[in-house]
Amino acid sequence: MKYEDVTIVNCSVCGEKYSPGSAKIVGNRNNSLVVHIHCDNCKSSMITIISKNPTGENTMTMGMLTDLNYSEAVESMNMKAIDADEVLDIIENIQ
Ligand SMILES: [Zn+2]
């Protein structure tokens, strides 16, 4: 699984393409990666989930805007793992 795949999508706030390297893995759960993406253009950040669909392709599911920077996101994930689970549950329900 490659988290670089996030560069195929645009920022949901300003519409600019995310630059390579703007995404960092926060954590993972089962077959899903939790990724923090920072937009160089509008300085917004997003937490998103990348998971494999049944055909084996990586898909990026809906993300959430966040005020957390990367290290804060990692800290938050580690301290409050339940929150990450809740995010994943919400996304899994949407799919
Ligand atoms: Zn942006």
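Which cross-chain or sequence-distant (5 or more) residues have an amide H under 5 Å from the amide H of residue 66, H modelled 1.01 Å from N in plane?
Residues meeting the criterion, in which the H sits 1.01 Å from N, are 45, 46, 47.
Go ahead and run the numbers for FRET between residue 55 and residue 17, Cβ-Cβ distance against an R0 of 25 Å, rounding to 0.05. Don't skip to the end; give the middle numbers.
Working: r = 25 Å, r/R0 = 1.00.
FRET efficiency, residue 55 to residue 17: 0.50.
Tell me, in nm to one decimal, what length is gained between residue 78 and residue 64 on full extension, where the rule is 0.36 nm per residue of separation less the Cα-Cα distance? Numbers along the way, then the final one.
Working: separation 14, 0.36 × 14 = 5.04 nm, distance 1.79 nm.
That works out to 3.3 nm of additional length.
Computed from the coordinates by the stated procedures, all read-outs in this text should not be read as laboratory data. Predicted model, so just to flag it, every value in this text is computed and none were measured. Because the Cβ atoms are built from the backbone with ideal geometry, glycine has one as well, and the counts that use them run over all protein chains shown.
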